[in-house]
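Here the structure comes first, spelled out in structure tokens, and everything after it is commentary.
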Amino acid sequence: MRYQSEEMEAKVFHEYEENCLLFKFRNKFTEEASEKACLFWESEFEKRDLDHKISLIWDCTEMSGFELNAQKRWVKCMNKHASQIQRVMVISDNIVIRGAARLILQAFSYESKVVKSYKELDLPVYSN
């Protein structure tokens, strides 16, 4: 399954691992985009057993910024599904976005990594 808008694209990313969702953010991440992305995210989680964990990749390499309400909605979705998240990997060359991601991820107990590039995670580079 796949979701796409001007602000982001989301898809199951089997190229990395079987149970992985990739979110590729573009431009400014708005509250509306966050709401739609969370609906996609929730629909993917609902397809799986509650004890089935999924890894998340947040590709923020094309993100220019985010609205505070978008971030709040995203964290609410993370809280709802925290038990189903195995790890979160964030990719951004923007120090502000990396800092915001680190702050969000500190509230959760799953594994996380925040890096500047795909190369640092040894992931296949995603392109449309």
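Only one of the numbered conditions (1) open to solvent by 50 Å² or more (accessible area, probe 1.4 Å); (2) in a helix (DSSP H, G or I); (3) among the hydroxyl-bearing types (Ser, Thr, Tyr); (4) closer than 27 Å to Ile95 by Cα is not met by Ser34, and that is (1). Counting only strands (runs of 3 or more DSSP E) wholly contained in the range 47-128, the ones carrying 2 or more residues that are of a type outside the set (Gly, Ala, Ser) and more than 19 Å from Val12 (Cα to Cα) occupy 54-66, 111-115.
Which ones in the range 18-31 are charged (D, E, K, R) and either touching a residue at least 24 places away in the same chain (Cβ under 8 Å) or within 13 Å of Ile85 (Cβ to Cβ) (or both)? If the condition is that a residue be charged (D, E, K, R) and either touching a residue at least 24 places away in the same chain (Cβ under 8 Å) or within 13 Å of Ile85 (Cβ to Cβ) (or both), then Lys24, Arg26, Lys28, Glu31 are the ones that fit.
Might you check whether a residue that is without any contact (Cβ under 8 Å) to a residue 24 or more places away in the chain and open to solvent by less than 80 Å² (accessible area, probe 1.4 Å) occurs anywhere in the range 39-59? Looking for residues that are without any contact (Cβ under 8 Å) to a residue 24 or more places away in the chain and open to solvent by less than 80 Å² (accessible area, probe 1.4 Å), one finds none in the range 39-59, hence no.
The values are calculated or read from the model by the stated rules, or taken from the named source; none is laboratory data. This is a predicted model, so every value here is computed, not measured. Cβ atoms come from the backbone with ideal geometry, glycine included; neighbour counts cover every protein chain shown. The area values use the complete protein model at the heavy-atom level, side chains included, leaving out ligands, DNA and RNA. Shrake-Rupley method; radii C 1.70, N 1.55, O 1.52, S 1.80 Å.
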